[in-house]
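Scroll down for the structure; my scribbles are underneath it.
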Amino acid sequence: MAENNENALAGNAPAKPKPAAPGAAKPAVPGAAKPAAPVAAKPEAPKGGVYKPPVERPDPNPYKDSRCCSFNAWFAERFQVLVPVIDYLKKKEVPKHRHSFWYYFGGLTLFFFLLQIITGLLLLQYYKPTEAEAYASFVFIQKEVSYGWLIRQVHAWSANLMVFSVFIHMFSTFFLKSYRKPRELMWLSGSVLFVLTLGFGFTGYLLPWNEIAYFATQVGTEVPKVVPGGAFFVDILRGGEQVTGETLTRMFSLHVVLLPGLLLLLLSAHLLLVQVFGTSAPIGYKESGRIKGYEKFFPTFLAKDAIGWILGFVLIIYLAVVFPGEIGLKADPLSPAPLGIKPEWYFWAQFLLLKDFSFENGEFYAIIFFTVGAIFWALVPFIDKRASREEKSPVFTIIGILYLAALLINTYRVFAEYGL
Ligand code: HEM
Ligand code: HEM
């Protein structure tokens, strides 16, 4: 297998400094002064004939006599526990080959998510999640708050780019077969991250409480009703029969509490696995000498990542300024739905699938068809046994091409019929 961190897995990882034996602490770094010698604990006199060994506790301040002068020594004294992690990151390497470009999209998705957190928290200062105030607060952010329009546009555009880049990340890791052993859990955690990202898009869409978002959510939340038990789920999501202010509050709490919590949890696991396994290389690349060398993760790969982030940020600012999203009319549940209601672009393929299955019980079969396809996709690492044996698996490449083609063609068909 062509992983860069075989060494780490094989035990060549930077030697962990042994934790100081309790009561006998050593300076963590050269240059730090020797800690004071611990006072030898006196053996207690046996009570009632039973000998109890003295409890050995670490010195609460092993560095009290330290006179360290360099920042590194100062830092290492205080964050001794992080020293092996930093050493590991310094040694971590990423393989270079002709597909290296695709390995920047995970980091880019992460960047857009961080931007979402920052702009989302700023929007929260003025946004009010109630039927009476949501639209007004949204217009207020756009028109009155200093740079409010920019923050809102950045949030909306970065949401689109986050979804776009997670699609690229998912398909590139699929085609490069990065999901193969031992990274199955990275793919599984990624699949949940993907669903959560789409959940963010869906719940955020209603928050401005404008006409288009209102009716799109009305249509979108109708869909699960066709499967058994679906109506119950829809009732909980909507907080009633229809999309109302109750739904808005629920979408809001999902958007700013539950989804961020879950995503952060899953993302931590995903990123931890990235560190544990390092970056993979396509099947057979190492054996056939197609790895053009290795570059240090820190700072080389990270610096290149940062260039991608800066380009992403420049693109967002450009889109926010040149193509600002419209405010639209306030949602009026009593008015008729405008023509051509459609969801956000990342749901177009599923939207068209429902339309294509327009025969009796068609929507039910469309959901079954879609769910089976999604479960198969999520379980690919366990099904594609050849890839896990480091053998090429063209059948799965073809399956990936079919999924991608269906997605692109259906998305294009909605665009051709409804426009943007
Ligand atoms: C912790 C992170 C986040 C917070 C606190 C947050 C907060 C908010 C708030 C307060 C709004 C309403 C203001 C408005 O409509 O402009 C909003 C809207 C929205 N959010 Fe988020 N958000 C977060 C993350 C995300 C993520 C990760 C996505 C998508 C991937 C996303 C997508 C959206 C969308 C599409 C809107 C509607 C934008 C519009 O049309 O103006 N948000 N968010
Ligand atoms: C919020 C969404 C996500 C974030 C922020 C994220 C972040 C990352 C990062 C930073 C990396 C390491 C760099 C790289 O290889 O690109 C990575 C690797 C990986 N991700 Fe994700 N990811 C996300 C979603 C997904 C999804 C949806 C999948 C697949 C279903 C996935 C599967 C993987 C795999 C298999 C790797 C290992 C790549 C390799 O070493 O070859 N991730 N992810």
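Things worth noting here:
- Listed by chain and number, the aspartates and glutamates whose alpha-carbon sits under 14 Å from that of Lys52, ignoring those within fewer than 8 places in the same chain, are Glu44.
- Sequence-distant contacts, meaning Cα pairs under 8 Å at least 6 residues apart, place the relative contact order of the chain at 22 percent.
- For the chain, the residue among Trp345, Leu89, Met170 whose Cα projects farthest onto the positive side of the dipole built from Cβ charges is Leu89.
- Karplus-based coupling profile of segment 102-114, in residue order and whole Hz: 5, 7, 8, 7, x, x, 5, 4, 4, 4, 4, 5, 4, with θ = phi - 60° in 6.51 cos²θ - 1.76 cosθ + 1.60 and x standing for Gly or Pro.
- Between segment 394-409 and segment 169-183, the alpha-carbon center distance in angstrom: 14 Å
- Distance from segment 186-254 to segment 105-133 (C-alpha centre basis), Å: 17 Å
- Cut-off under 5 Å, modelled amide H: who pairs with Glu295 long-range: Val94, Lys96
- Given charges at beta-carbon only (K, R positive; D, E negative), |dipole| of the chain in Debye: 2140 debye
- Shown here for segment 333-418: chymotrypsin sites (Phe, Trp or Tyr not before Pro) in loop regions (DSSP other than H, G, I, E, B) with at most 14 other Cβ atoms within 10 Å, namely Phe359.
- Cα-projected label distance for Val257 with Asp65, points at 7 Å along beta-carbon direction, nm: 5.4 nm
- Take every pair of alpha-carbon atoms less than 8 Å apart whose residues are at least six positions apart; their mean separation over the length of segment 217-371 yields a relative contact order of 19 percent.
- Vicinal HN-Hα couplings computed from phi for segment 137-147 (Karplus, 6.51 cos²θ - 1.76 cosθ + 1.60; Hz; Gly/Pro x): 5, 5, 5, 4, 4, 5, 10, 9, 5, 4, 6
- Using only the C-alpha atoms, the convex hull of segment 100-192 corresponds to 106 Å³ per residue.
- For Lys286, the aspartates and glutamates whose Cα falls under 19 Å of its own Cα, not counting residues fewer than eight places away in the same chain, are Glu3, Glu6, Glu93, Glu295, Glu390, Glu391.
- Measuring r between the beta carbons of Ala136 and Trp345 and using R0 = 30 Å, the FRET efficiency lands at 0.65.
- Segment 274-420 - charge dipole about Cα centre, Lys and Arg +1 at Cβ, Asp and Glu -1, debye rounded to 20: 640 debye
- Cα gyration tensor shape of segment 277-331, rounded if a/c is under 1.5, else prolate or oblate by comparing a/b with b/c: prolate
- Loop GluC sites (Glu not before Pro), segment 293-385, which have at most 13 other Cβ atoms in a 10 Å radius of their Cβ (DSSP): Glu326, Glu360
- In units of the compact-protein estimate 2.2 N^0.38 Å, the chain shows a Cα radius of gyration of 1.25.
- Amide proton proximity set for Asn210, modelled H, under 5 Å, gap of 5+: Ala331
- Per-residue ellipticity at 222 nm from helix content only, as computed over the chain with -39500 (n - 2.57) for each DSSP H run of at least four residues, stands at -17500 deg cm²/dmol.
- Take the Cβ atoms of Leu265 and Leu311, set R0 to 35 Å, and the FRET efficiency comes out at 0.75.
- Burial order of peptide ranges 186-198, 132-144 (average beta-carbon count within 10 Å, highest first): 186-198, 132-144
- Selection from Leu206, Ser358, Leu150, by position along the positive dipole direction of the chain (Cβ): Leu150
- Computed from the C-beta positions of Phe232 and Lys128 and an R0 of 35 Å, the FRET efficiency is 0.75 to the nearest 0.05.
- Loop trypsin sites (Lys or Arg not before Pro), segment 292-340 (other Cβ atoms within 10 Å of the site Cβ: 15 or fewer; DSSP): Lys292
- Spacing of the two label points (7 Å from each Cα toward its C-beta) at Arg413 and Val81, in nm: 5.5 nm
Where a number appears in this text, it was derived from the coordinates with a stated rule and is not lab data. Bear in mind the structure is a predicted one, so any value in this text is a computation, not a measurement. Positions of Cβ are generated from backbone atoms using ideal geometry, with glycine treated the same way; all protein chains shown enter the neighbour counts.
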